[in-house]
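Have a look at the structure below before the remarks.
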Amino acid sequence: MNGTNTDASSGVVIDIGREHYRTEIIAAGHALVADEPKALGGTNAGPGPYELLLASVGACKAMTLRMYADRKGWALERVVLSLRHDRRHPDDCEHCDDPKARLDHIDVEIQLLGELDAAQRERLLEIADRCPVHRTITGDLRLTSVLVEV
């Protein structure tokens, strides 16, 4: 990091310099790198912002399922999630030629491995959509940006 505020104790610190899109991240004391693919002008040194968003959603769903199954004493051995993001037109789109008319979608495929009955599997699917990150991004979210003097 370049010597500016790198205290991530209360959140996440992001630092990007002149190295075209390579972004250093400090989250809970862990260093990560984000980047864009070479086709978009990056160096492909790490996942892009949307892949990190998908990773956050997927990790939260997986942890929530693990926590719930453990608390219930269910035989959930493993959870594997596959996530994709894209933009789609609404079904009854009046202005489908306008790129702003597209809606963001995250599709999540969930594999539940273990000796679970149909009712347990159905309940775990419901629980997956109740993870905190899912609820945050689908809820009434506000983002606020402010400039800070250096």
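If you take the residues of the stretch 91-123 that are exposed (fewer than 10 other Cβ atoms within 10 Å of the Cβ) and at pLDDT 95 or above, which of them is nearest to residue 48 (Cα to Cα)?
Going residue by residue through the stretch 91-123, those that are exposed (fewer than 10 other Cβ atoms within 10 Å of the Cβ) are 91-92, 94, 97, 99-100, 109, 111, 115, 118-119.
Narrowing the set further to residues that are at pLDDT 95 or above leaves 109, 111, 115, 118-119.
Working: 109: 20, 111: 25, 115: 36, 118: 36, 119: 37 Å.
Across the stretch 91-123, the extreme among qualifying residues is 109.
Among the numbered criteria (1) at pLDDT 95 or above; (2) within 19 Å of the chain's Cα centre (by Cα); (3) among the hydrophobic types (A, V, I, L, M, F, W, C), which one does residue 28 miss?
Against the list (1) at pLDDT 95 or above; (2) within 19 Å of the chain's Cα centre (by Cα); (3) among the hydrophobic types (A, V, I, L, M, F, W, C), residue 28 comes up short only on (1).
Hey, does the stretch 48-55 have a residue that's buried (at least 18 other Cβ atoms within 10 Å of the Cβ) and under 23 Å from residue 132 (Cα atoms)? Spell out how you get there, then give the answer.
Within the stretch 48-55, the first condition is being buried (at least 18 other Cβ atoms within 10 Å of the Cβ), and the residues that meet it are 54.
From what is left, the residues that are under 23 Å from residue 132 (Cα atoms) are 54.
The answer is yes, given that some residue of the stretch 48-55 is buried (at least 18 other Cβ atoms within 10 Å of the Cβ) and under 23 Å from residue 132 (Cα atoms).
Can you tell me which residue among 39, 28, 62, 34 is free of Cβ contacts under 8 Å to residues at least 24 places away in the same chain, within 22 Å of residue 108 (Cβ to Cβ) and not assigned by TED's automatic domain parsing to the domain that holds residue 133? First the steps, then the outcome.
Working: 39 fails: within 22 Å of residue 108 (Cβ to Cβ); 28 fails: within 22 Å of residue 108 (Cβ to Cβ); 62 fails: not assigned by TED's automatic domain parsing to the domain that holds residue 133.
Being free of Cβ contacts under 8 Å to residues at least 24 places away in the same chain, within 22 Å of residue 108 (Cβ to Cβ) and not assigned by TED's automatic domain parsing to the domain that holds residue 133 holds for just one of 39, 28, 62, 34, which is 34.
Among the residues of the stretch 107-150, write down those that are without any contact (Cβ under 8 Å) to a residue 40 or more places away in the chain, β-branched (Val, Ile, Thr) and assigned to a loop (DSSP other than H, G, I, E, B).
Answer for the stretch 107-150, where residues must be without any contact (Cβ under 8 Å) to a residue 40 or more places away in the chain, β-branched (Val, Ile, Thr) and assigned to a loop (DSSP other than H, G, I, E, B): 144, 146.
Whether any residue in the stretch 75-90 is out of contact with any strand residue (DSSP E or B) (no Cβ under 7 Å at 6 or more places or on another chain), at pLDDT below 95 and either of a type outside the set (Asp, Glu) or not assigned by TED's automatic domain parsing to the domain that holds residue 134 (or both) is what I want to check. So that I can check it myself, show each step before the final result.
First, pick out the residues of the stretch 75-90 that are out of contact with any strand residue (DSSP E or B) (no Cβ under 7 Å at 6 or more places or on another chain): 89.
From what is left, the residues that are at pLDDT below 95 are 89.
Next, from what is left, pick out any that are either of a type outside the set (Asp, Glu) or not assigned by TED's automatic domain parsing to the domain that holds residue 134 (or both): 89.
Checking the stretch 75-90: at least one residue is out of contact with any strand residue (DSSP E or B) (no Cβ under 7 Å at 6 or more places or on another chain), at pLDDT below 95 and either of a type outside the set (Asp, Glu) or not assigned by TED's automatic domain parsing to the domain that holds residue 134 (or both).
The values are calculated or read from the model by the stated rules, or taken from the named source; none is laboratory data. This structure is a prediction, so every number in the text was calculated from the model and none was measured. Please note: Cβ atoms are built from the backbone with ideal geometry, for glycine as well, and neighbour counts cover all protein chains shown.
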